Every structure is written in structure tokens, then in C-alpha cells.
1. How much of Thr8 can a 1.4 Å solvent probe reach, expressed as accessible area in Å² and rounded to 10?
2. What does the charge count near Ser67 come to, summing +1 for each Lys or Arg and -1 for each Asp or Glu among other residues with Cβ under 11 Å from its Cβ?
3. Rg and Dmax of the stretch 1-58 over Cα atoms: what are they, in angstrom?
4. Please give the direction-averaged projected area of the C-alpha convex hull for the stretch 112-232, in square nanometres with one decimal.
5. So what's the Cα pair-distance distribution over the chain, bin width 10 Å, in %?
6. Find the relative contact order for the chain and round it to a whole percent, using C-alpha pairs within less than 8 Å whose residues are 6+ positions apart.
7. Starting from the Cα gyration tensor of the stretch 31-83, take the square roots of the eigenvalues, sort them a ≥ b ≥ c, and report rounded, prolate or oblate (rounded when a/c is under 1.5, otherwise prolate if a/b is larger than b/c, else oblate).
8. Within the P(r) computed for the stretch 165-217, what percentage of the Cα pairs occupies the region above 13 Å?
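The values are calculated or read from the model by the stated rules, or taken from the named source; none is laboratory data. Since this is a predicted model, take the numbers as computed values, not measurements. Cβ sites come from the backbone with ideal geometry, for glycine too, and all protein chains shown count toward neighbours. Heads up: the accessible areas ignore ligands, DNA and RNA and are worked out on the full protein's heavy atoms, side chains in. Shrake-Rupley method; radii C 1.70, N 1.55, O 1.52, S 1.80 Å.
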Amino acid sequence: MYEDWIATLANRVLPDERPGFADELTALARLRGAMEAREARLLAGVDALDDRGLPAAAIARSTSKCSQREADRRARRAAVLTQVPAAADALAHGSLSVEHVDVVGRAVEATSPEAVEAAGLVERLSARPADLAAKDARDWARRQQSESDREAVQRRRYAARRLVVFEGDDGMTVLHGEFDPVAGAELRKALEAETNRLFHADGGREGADGVRTAEQRRADALLRLMSGGGSSGRGSGPAVRNQLLLMATVTDDAITDARLPDGTPLPISVVERLACGSDLF
């Protein structure tokens, strides 16, 4: 069955007018959604088997030859679609993309499948492009969370932190890291500051691009920070404290509604910890 579909698509003649291209791209988007939904159902079915076989992520990696990161993402997506049937149905019928499903998954992680279903979040998000839907979902989740919810989410994200170092193509060393939102914001801030310092050292707008690319500068900045040679290390001026931008409602009695600039909510315990070692703005 699938072989016939593949042959039909491979041999299909391209349209000769712009409306034809648009129509076929729209149809392919719907077909892609249906295929992604089917794959998710199959992966969820694999994990439901009680046969001690390979888990869904391993199956996804071996059958599609994708990266481990992508295989893990597909397995998580399958779990989300099992938890939120409305998302599975919308994906299968083309009104939701896999990017939207990942947004729904983050909303489920921050609240619960029941809360997402009850709020009709899937239908609301499907009307928006995925990047705008992600912001809407973060704002919605923030309004649903209690302080204990935020604490639990932060603990879960902190526990999931990891850094993998391996040898890539041509002997290059590859780093893949995942950090909780607070650590990630601190890391980005430090990296941005050191990259910007190197940008000006290279000549700024007048000559920096002739010295090294932006990606090379960022790689050099990370290495300098790791080796203690960055702007906060020895031998390059006075040490500076971490600076992290937070948003919050501050009254005489308490700090509430604390969040990062991207809207990620933070438990008050994290704000208190950060206040001990950073300049908060």
C-alpha cells in the first residue's frame, strides 16, 4: 500500500501554474500530518506492548535512521498524542502540525492533559502559526500554574539536564546540552556577553566578519568561558557577577508572578536563590 503512494508521489508531474503549486503543497501538508499521526500511533502502540522489546525511540531511530534527539522527540510526541486525543485527531486531519503538537506537549508538561483538553487549547492553537501558538500556550500555562506547580516543573526540568560530548564528522567534537530555563538563560547571557566582546575585539561592524564568522566567534566564546579566559575569568579584568533579566510583580510583602523574558514562569524559591548570586534587573 505505502509503496504505491511513494511511487505516485515520485512520478507526479509538477504543476505548471502557481495555484497548482499552492494546492498540492496544501494537500501534502495534510498528508504529512496524517502520516505523522499514524507514526505516533504506531510508536505509542510499541510502548504499550508488554514484550520486553525495543522502546519507541529505538524503533524510530532504527526505522528512519534519524538522530537520537529526533527519535526521542518522536517518542515524546507519540506520548502527547496518546494523552491528548484532540491533538491526535487534529494532526491526522491536517489542522495541526507536528510543531503545534510539540507546543501542546509543553503545555501538558506545565499543567496536565486534562487541563489542556478542558480549555480547548488544541483548537485555539491550530488557528495560529506554530511560533505564535507557542507564545499563546506559554501564557496560558502560566495562568494555570500554582506556586507548587511551578516548583514541580522546575524540579523536573532541572533533573532532566544533560550534556553529551561526542566525536562528529571529520574528528570534530560535538556538544549537545539541555538545561532548565534558568540555567539556559544564564548560559545564554554569559555566552552573548563574551561573543559580543570578541565581536568588538575583531573590529566590530567594520571588520569583524573578515576575522571569523559569527558561529566561529560563538564557539570561541564558549571555549574561553569554559577555560576561564572569558570576561569573568582571571587575566581579563575584574570578575563580574551574573546578570539575569527577570520579570515579576513586586510589592512590599512579596514577589509574585516571576518569569523569564520569554514568559517561562519561575517558582519564588528559584528567584530567591538567584538573588543571592546574581544582579537581578
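1. 90 Å²
2. Details: positive: Arg61, Lys65, Arg69, Arg73, Arg74; negative: Glu70, Asp72.
Around Ser67, the surrounding residues sum to +3.
3. Cα only, the stretch 1-58: 16.6, 53 Å (Rg, Dmax).
4. Numbers: hull surface 46.0 nm².
Answer in nm², one decimal: 11.5.
5. Taking every Cα pair in the chain, the percentages come to 6, 19, 26, 25, 18, 6, 1, 0.
6. Values: 287 pairs, mean separation 30.9, N = 281.
Once divided by the residue count of the chain, the mean separation gives 11 percent.
7. Details: a/c = 1.69, a/b = 1.13, b/c = 1.49.
Judged from the Cα gyration tensor, the stretch 31-83 comes out oblate (a/c at least 1.5, b/c at or above a/b).
8. 68 percent
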